[in-house]
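All remarks here apply to the structure that follows.
The values are calculated or read from the model by the stated rules, or taken from the named source; none is laboratory data. The structure displayed is predicted, hence computed values, not measured ones. We place every Cβ from the backbone using ideal geometry, glycine too, and count neighbours over all the protein chains shown. What goes into the accessible areas is simple: the full protein's heavy atoms, side chains included, and nothing from ligands, DNA or RNA. Shrake-Rupley method; radii C 1.70, N 1.55, O 1.52, S 1.80 Å.
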Amino acid sequence: MNIFKHLTLLFLLSQALLFAAEPIKPIPKTIEYDRKKAELGKLLFMDPQLSSDKSVACVSCHSFEHGGADPRPVSIGVHGVTGNVNAPTVYNSYFNFRQFWNGRAKDLKEQASGPLHNPIEMGMVTKEVEKYLRSNGYYRKVFQDIYKKEPTHDDALDAIAEFEKALITPDCKFDRFLRGETELSESEKRGYRLFKTLGCATCHNGINVGGNSFQKMGLIFPYPWKESFPDRYHITGTPDDKNVYKVPTLRNIALTAPYFHDGSVPTLELALQKMAYHNLGFDLSAEEVRDLTSFLKSLTGKKPAILLEER
Amino acid sequence: MRWLVLKTTGAIAAALIGIILILFQQNSLKSSFQATQRVSDSLKTLDADYITLQRIVLQASYFPYFDNDAVLNQIKKIRQRLKNLTENRLLRRKDYTKTREELLHAKEEFEAVTKRIHEFLTLNASLKNSSVYLPTLTLKAYDIFDMHNESDRDTVVLLSKINAAIFLTKNALDDSFLEEIKEYKKELERLKTEVEEKDRKRLLQASIGHLTLFLKIFPKFHDDLEAIMKESFQKEIESAIESFFKESKREISHINNLGELFLALYLISITMVLYFIFRSEKENIKLKRVSEKLKRSLITDHLTGLENREAYLSMKQRMNHPALILINIDRFKHINEFYGSKMGDMVLRQSAEILKEIVPPYLNANIYRLGGDDFGILYEFESKERTEKVIKEIIEEFHKRAMSIDGVAIDISISIGASYATKLFETADMALKVTKSSTRRRYTIYDPSIDVSEKISKNIRALKELKRAIQDKDIIPYFQPIVELEGCTVAKYEALARMRTRKGEILESKEFLDVAKEAKLSGEITAAILHQTLKIASRYDTIFSVNISAGDIMSSYDRKNIFELLKSYRKSASRIVFEIVESEEIEDYDLLGEFIEEVRGFGCKIAIDDFGSGYSNFEKLLQLSVDILKIDGTLIKDIESSEHAQLVVRTIVDFAKTANLETVAEYVHSEGVLLKVQELGIDFGQGHHFGKPLPAEKIERGLNGSG
């Protein structure tokens, strides 16, 4: 009677033979970037003067202590206005194929412009940004040094993007495992296997364990939709694109609670269960959740080098 | 100089232009070729890149899970390549409008495909999610359902069938199974209503969810995949490649046309430069010719075409041991005066021609005209013998060639002086003068003995010789007949002094008389001649005249000697006529008168020699008691043509007849002169026409002994 089971296993095995290559690639230990620009970008990233009420900086929502993401369910902008979305991590964002939840920015520089001008985030206009930067002797000097001219809005974005490029978190346990430098624990191993057989890896793959495609939240059992969600529907207007988001990276996922675009889930375990329900149509066993959590925790890397070094 | 700079600059400029043009053409061809190659390579690579992208997409669809980065990276790669191509400088040119247009189309097409790929990735992930999770659900079903229960088993079997159908549909990309799957779904939905248990219900519900999803998105997925696999983008690229080849071919032919134009320009500039070079070279040659002509004219004698003294001097400088043969045309002054200078010029010209012909080629000599009638032959000295041989050849050859000018044959002789001493010309000239001063010598080769300083020693030698001749009785008389013109019979003889040298040569009096006079030996000679004549006269009944100079007569010693001789030959003394020569030197006429009286006492007669010549003092001479007037030879010589001579001679003859004096014409050298002197009534004649001076033995044969 176990013949079907065996057949099914054999079938799974035959499929497994097809993907000898790992779907996940380690991130490089270092990345090349323009040091001077990145240092300027770091300064700008942390400068609340770049917001209309001088209360919000980039770093306000992309906390270096919380995996480059916002520990609050949704971000709070100038004048204490709450946003509609949980800020995704700025770490390793360089490796994403597009930026923002719905991928509306093609690169980091384009992305950086968004929150700066969003009235409920930093609420600045180009002229004000330039006026501020030009009034500051230090900025003037540094911009002159790097861009050979007085500060401009565009160059400021360029510097911020260069800084964000440097924000990589290398040498997580899983990367070291991929490079053959270490062994995974049994639980982690089981977790990784589940990650692949449950179908997580069909979306969460590549260098960033995600961030390289769009996917629907709620394939099997729909996820409740709100007009304010920053999904693909906002861009394409196609009903099928409702609740379609850029697949988020799972790197440092253990640090970036709360989870999902709406920051509605406070723990990793709960997030796993929710994903399983909506996209697999089934519940995970406690054992599966434990193993998957172990695996996901192995994706936590080192804090970006540029944040550790004193200027 | 300015021309040279211009010429050089022109040539260099032309060469540079040529090189630049050729380099430019080569370079544009090369760079065009390279740019074309790059673009065509890039286009082809683009095609290949897209095929790779398709392969990656297929892999992504086939493998249960896959690294989507591979797809994205490939998209990025193609996008970058498209961007580079549309921004390519070559393709931005007007020549490639069509290619670029097609590339922009391709780019649009690619963006559309990219959109499809993103959609595909989303759908693909969902499908895989289901196709991976459905078997997982089936495995779970083994645990949840009771495999011993038939209806439960059917449910699991159904789930397995669904797995197989999904697997086939997805991996074979075959829509035909969708209907079957729909049936399975209905079956599952029916089964779901039958199960009560929550777990079972959930499992079936999830399976239905996956099937619903699969049925919903598979057609879309299939569509996307087909669109990605379709060759529309590739076709765009291919037509871009085709247009590119067409357009690049046209561009290269443009460059080639341009190259031909450059070549033509280059050839024109080269031709122009060549023309300028040729023209200025021609002018140069002309200038060179003129300057050469001028130079030649400076060193050329225009009359004869020979090189002149200047050329001689510069040539001499360049020689190691020069030898010079100096040739002078004898009596050239006479030719000039006689025939006119025009004729003289022609003589010079012909002489030059002759010299050119006869100077032996082995001598490697240069011939010059060095003065009025002086020619020079300059060559490297080898030996005196050779020089002598050459001179002899020249003289002989020159003599052989009769010179004829305007049909008139002119007998030209030459004198030569040669030298190879340091002061070449001066010494050769000295040698020439020696030749000239001798009647017999035709040439002289300079040696120090003919130098002036050496002349004294020569004179001393001559004096010694003279003294010896007097001592040895080698001063002998030669006799020339004096003819009575009326009957043309020999009436008497004039004794002329000759000197027999030790070698037996007979010298005429002019060759030793100067020396004799200088040494006061003239009287001795007169005495010697008188003595021998008296001896001969004693044997023949014929009159003999003997020359006596004024100087002899003035010398008491000589007078005494003459009187002694006359006393010794008293019998033949009356057959002697004293011809007083050099009467212009007479200083004491009284003493002369006394001498004449004294010799008359012996029966001698007195003649005045050279009467009528420039300085004769007629009056004083005629006061003397003389018997005969010998008319000056120079008057007779020209008697035929000279009216003046005729007048003078006629006067003398008239006077002589009146004074009852005999007249004698000397220098009767021709029949014409003879007739003339006969017509003038001169009594006697003397000259080569009648006979040359001969030694005593020869005339004695024609004389009758007188006892």
Over the stretch B:309-450, with the other protein chains present, what is the accessible area per residue in square angstrom, probe 1.4 angstrom? 52
antiparallel share of DSSP beta bridges within chain B, to nearest 5, in %, is 60
The stretch B:307-376: Rg to Rh, with Rh as the Kirkwood radius over Cα pairs: 1.02
Could you state the orientation-averaged shadow area of the convex hull built on the Cα atoms of the stretch B:174-244, in nm² to one decimal? 5.8
Could you work out, for the stretch B:607-707, what percent of all Cα-Cα pairs fall into each 5 Å distance bin, beginning at 0 Å and stopping at the bin that holds the largest distance? 2, 12, 23, 21, 16, 12, 8, 4, 1, 0
Principal axis box of the stretch A:35-165, alpha-carbon based, largest edge first, Å: 40, 32, 26
For the stretch B:108-209, alpha-carbon Rg relative to the globular expectation (2.2 N^0.38 Å, N residues): 1.28
Average accessible area per residue (Å²) across the stretch B:2-239 - probe 1.4 Å, nucleic acids and ligands excluded: 49
Rounded to the nearest 5, the percent of DSSP beta bridges in the protein assembly as shown running antiparallel is 65
So, R0 is 45 Å and r is the distance between the beta-carbons of B:Thr634 and B:Glu283; what FRET efficiency does that work out to, to 0.05? 0.10
quick note, the stretch B:309-450, DSSP beta bridge pairs, % antiparallel (nearest 5) is 85
In deg cm²/dmol and to the nearest 500, what is the mean residue ellipticity at 222 nm of chain A if only DSSP H runs of at least 4 residues count, each as -39500 (n - 2.57), divided by the residue total? -11500 deg cm²/dmol
Going through the cross-link list B:Lys520/B:Lys692; A:Lys29/B:Lys76; B:Lys77/B:Lys249; A:Lys25/B:Lys115; B:Lys492/B:Lys605, which pairs have a Cα-Cα distance over 19 Å in this structure? B:Lys520/B:Lys692; A:Lys29/B:Lys76; B:Lys77/B:Lys249; A:Lys25/B:Lys115
Quote the FRET efficiency, to the nearest 0.05, computed for B:Phe33 versus B:Leu58 with a Förster distance R0 of 60 Å and r equal to the Cβ-Cβ distance. 0.95
Rounded to the nearest 10 degrees, what's the angle between the helix B:589-600 long axis and the longest principal axis of chain B, both from Cα atoms, 0 to 90? 60
On each of the three principal axes of the Cα atoms of the stretch B:540-647, give max minus min coordinate, whole Å, ordered largest first. 47, 34, 19
Percentage of Cα-Cα pair distances in chain B greater than 39 Å, rounded to whole percent? 68
How large is ³J(HN,Hα), in whole Hz, for each residue of the stretch A:205-219 in order, when computed from phi with the Karplus curve 6.51 cos²θ - 1.76 cosθ + 1.60 and θ = phi - 60°, using x for Gly and Pro? 9, x, 5, 9, 6, x, x, 10, 6, 9, 8, 7, 8, x, 5
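List the longest stretch of chain B that has no exposed loop site; here a site is one of the trypsin sites (Lys or Arg not before Pro) assigned by DSSP to anything other than H, G, I, E or B, with at most 10 other Cβ within 10 Å.
Values: sites that count: B:Arg89, B:Arg318, B:Arg440, B:Arg502, B:Lys503, B:Arg701.
Formally, the longest exposed-site-free interval is B:90-317.
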Rounded to the nearest whole number, the Stokes-Einstein translational diffusion coefficient of chain A at 4 °C and 1.567 mPa s (Kirkwood radius, C-alpha pairs) in µm²/s is 62
Over all Cα pairs of the stretch B:2-239, the Kirkwood radius sets Rh, and Rg/Rh then becomes 1.38
Separation in nanometres of the label points that stand 7 Å from Cα toward Cβ, at B:Lys295 and B:Arg468: 5.8
If all Cα-Cα distances of the stretch A:82-131 are sorted into 5 Å bins from 0 onward, what percent lands in each bin, rounded to whole numbers? 5, 18, 27, 25, 15, 9, 1
How large is ³J(HN,Hα) for each residue in the stretch B:665-680, as worked out from phi by the Karplus curve 6.51 cos²θ - 1.76 cosθ + 1.60 (θ = phi - 60°), to whole Hz, x for Gly and Pro? 9, 8, 6, 6, 10, 8, 5, x, 5, 4, 4, 5, 5, 4, 4, 6
If amide H atoms are modeled at 1.01 Å from N in the peptide plane, then the residues at a separation of 5 or more from A:Ile76, or on another chain, having amide H under 5 Å from its own are A:Gly83
J(HN,Hα) series, the stretch B:324-331, from Karplus relation 6.51 cos²θ - 1.76 cosθ + 1.60, nearest Hz, glycine and proline x: 10, 9, 9, 10, 10, 7, 5, 6
Of the candidates A:Glu22, A:Glu188, A:Glu162, which one comes out as most mobile in a Gaussian network treatment of chain A with C-alpha springs shorter than 10 Å? A:Glu22
Long-range share for the stretch B:309-450, i.e. C-alpha pairs more than 18 Å apart as a percent of all pairs, stands at 53
Quantify, in whole percent, the carbon and sulfur part of the accessible surface of chain B (1.4 Å probe; protein heavy atoms only). 53
Rounded to the nearest percent, how much of the accessible area of the stretch A:258-311 (1.4 Å probe, protein heavy atoms only) is carbon and sulfur? 57
Residues of the stretch B:52-75 that become at least 20 Å² less accessible with every protein chain present than in their own chain isolated, using 1.4 Å: which are they? B:Tyr62, B:Phe63, B:Pro64, B:Tyr65, B:Phe66, B:Asp67, B:Asn68, B:Asp69, B:Leu72
Quick query: amide H of B:Val577 versus all other amide H atoms, modeled in the peptide plane; which residues come in under 5 Å with a sequence gap of 5 or more or a different chain? B:Phe544, B:Ser545, B:Val546, B:Lys605
B plus A alone minus the pair: what accessible area, both sides summed, probe 1.4 Å, in Å² to 100? 3800
For chain B, the longest principal axis of the Cα atoms and the Cα long axis of helix B:2-62 enclose an angle in degrees, to the nearest 10, of 20
Expected max-MSF residue from A:Pro248, A:Pro222, A:Pro88 in the GNM of chain A (alpha carbon, under 10 Å) is A:Pro222
Dividing the Cα convex hull volume of the protein assembly as shown by residue count, how many Å³ per residue is that? 369
